[in-house]
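Throughout, read-outs are computed from the coordinates displayed, never taken from laboratory work. Because the structure is predicted, anything quoted here is derived from the model rather than measured. Quick reminder, even Gly has a Cβ in these numbers, built from the backbone with ideal geometry, and neighbours come from all protein chains shown.
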Amino acid sequence: MSSVLEKSFAIIELLVEHPEGLPVSAIAQATAQPASGVHRTLQELTRLGYVRQAQAHGDYGLTIRMPALGLGFLGRAGITDVAQPVLDRLAAESGELIRLSIVDDDCLTWVAVAQGGTRGLRYDPGQEQGVVVHLASSAGGQAWLSTMSEDEALMRVSRQGVVRADENAGSKAPQTLSELMTRLAETRERGYSVAIDSYLVGMAAMAVPVRYRGGETVVGCLSIAGPTARLDPEWMAAHAEMLKAAAAELGDAALGFKYFHHNLGLISKAAE
């Protein structure tokens, strides 16, 4: 890491994953920064109100200010207001977890969720909102990649890596680019992606792209996820049309997502 800003964001992103806080030594080790530099950065972030120290010489954690900024942005961008009713309805109909990810530059990021499971075994991602989706192993990522040319898909995956660096990553995730390309071809033929024991052990998911007004522009992906014990291929096939219909509804409503107006050039399209 070279810039002060890059080092600061590395610390912030780490603390997002640890709401209980971390000591300076652990932050320094995880971000590969000198402890003295980490301490100075934390003191500055504390002064600005983004970080707190639980007690003298104690752990450092994020204040509510950073999450509040994120929630405020999503609300003002129109994403949560427009999307949430659709997600809630799909969650109730499917009885499983629904997630919406949006295209953000070269990445796909989870921004909204609805939990349809009310009892028994269920998948609850907890703190995945705001997380950049690992493209090769996730249902949403594969759904997005399937809309691209092979060269474009390979470029995006190569930047991120085929294999997800996580001890909980599923054993059935693609291990090579060739294997991933085969899955993307299957996704195009099937009409939705399938990821079983791929992104996480014990989790299955299916996803479809969300296209602006049914056209070629992909603004995000919509997925259904749950335990592999329930979401087998037969279950997914039975719920595919329901998922596609919800994605089409979100695509038609995407004009209300102010974020996309500037980021994907939808202002000019809306005026046509």
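Numerical summary
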item: Cβ-based net charge around Ser8, under 12 Å, with every Lys or Arg adding one and every Asp or Glu removing one; result: -1
item: Global form of the range 129-213, assessed from the alpha-carbon gyration tensor, a/c cut-off 1.5; result: rounded
item: Residues in the range 28-48 that a label on Leu14 would reach, taking backbone N under 18 Å of a point 7 Å out along Cα→Cβ; result: 28-47
item: Net charge of neighbours whose Cβ lies under 12 Å from the Cβ of Gly220, counting Lys and Arg as +1 and Asp and Glu as -1; result: +1
item: Relative packing of 196-208, 239-251, 170-182, which averages over residues the other C-beta atoms within 10 Å, highest first; result: 196-208, 239-251, 170-182
item: Charge tally in the Cβ shell below 15 Å around Tyr60, where Lys, Arg are +1 and Asp, Glu are -1, Tyr60 excluded; result: 0
item: For the range 200-214, Karplus couplings with θ = phi - 60° (6.51, -1.76, 1.60), whole Hz, Gly/Pro x; result: 9, 5, x, 10, 10, 8, 9, 8, 9, x, 9, 9, 4, 6, x
item: Nearest-0.05 FRET efficiency for Glu167 and Ala35, computed from C-beta distance (R0 35 Å); result: 0.85
item: FRET efficiency, 1/(1 + (r/R0)^6) with R0 25 Å, evaluated for Glu216 and Arg89 via beta carbons; result: 0.45
